[in-house]
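Engineer: Below is the structure I would like to discuss, written out as C-alpha cells.
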Amino acid sequence: MNKECYSLQPPKIEVFPIHGGTDIILRKNIKKTTKEPMEEGGDSTIVYECDEVQLRHKGTVTKTEVNNNFEYWWTIGEGGTEEDAADKEAEAAGEPTIIERLEAVESAIIELAEVIVNG
C-alpha cells in the first residue's frame, strides 16, 4: 500500500483492460486536506490524500466485480494470497473464514462417523 496525493478527488476504483488482463487501482481513506506552501509566502493547496494499491489481474474483471469484492481485491493488491483475501472478505462480511468452515465440516464428519459407528 502506498500513500498518494492528488490535486483532484480520485475515484475509489479504476479498472483498465490490458493485453488479456486487467490493471486495477484501488483507493481507501480518501480525504480532502490542505497542504501548506513549500515556500514562504506561497499559497496553501487543497489536495486529496489516500491509501492506494495497484495490481494486474491475469483475467478479465469489471469495475462492478471489483467493487462488490473490494476487500478481496485490496488484500490481493497488498500481496496477500487468494486465501488471505477470501478470509478478510469473509471477516468484513461477518462470515466464517476458510479455516472456520473447514473446522465445522471436520466436526460434522466426526459426529456423523460416531452416529454410523455407534448406530
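What follows draws every value from the coordinates through simple rules; no lab data is involved. Computed from a prediction, not measured in an experiment: that's the story for all the values here. Note that we place each Cβ from the backbone using ideal geometry, even for glycine, and neighbour counts take in every protein chain shown.
Engineer: Quick one: divide the alpha-carbon radius of gyration of the chain by 2.2 N^0.38 Å and tell me what you get.
Structural biologist: On the way: Rg = 21.9 Å, N = 119, 2.2 N^0.38 = 13.5 Å.
Normalised Rg, Cα atoms only: 1.62.
Engineer: Next question, about the same structure. Working out 0.36 nm times the residue gap between Glu39 and Leu102, then minus their Cα-Cα distance, what length gain in nm do you get to one decimal?
Structural biologist: Details: separation 63, 0.36 × 63 = 22.68 nm, distance 5.90 nm.
The Glu39-Leu102 span can extend by a further 16.8 nm.
Engineer: Given the chain, what count of lysine pairs have C-alpha atoms under 19 Å apart, with each pair 8 or more places apart or on different chains?
Structural biologist: Lysine pairs meeting both conditions in the chain amount to 12.
Engineer: Between Tyr6 and Ile110, what FRET efficiency follows from the Cβ-Cβ distance if R0 is 41 Å, with the result rounded to 0.05? Show your work: numbers first, answer last.
Structural biologist: On the way: r = 54 Å, r/R0 = 1.32.
Result of the calculation: an efficiency of 0.15.
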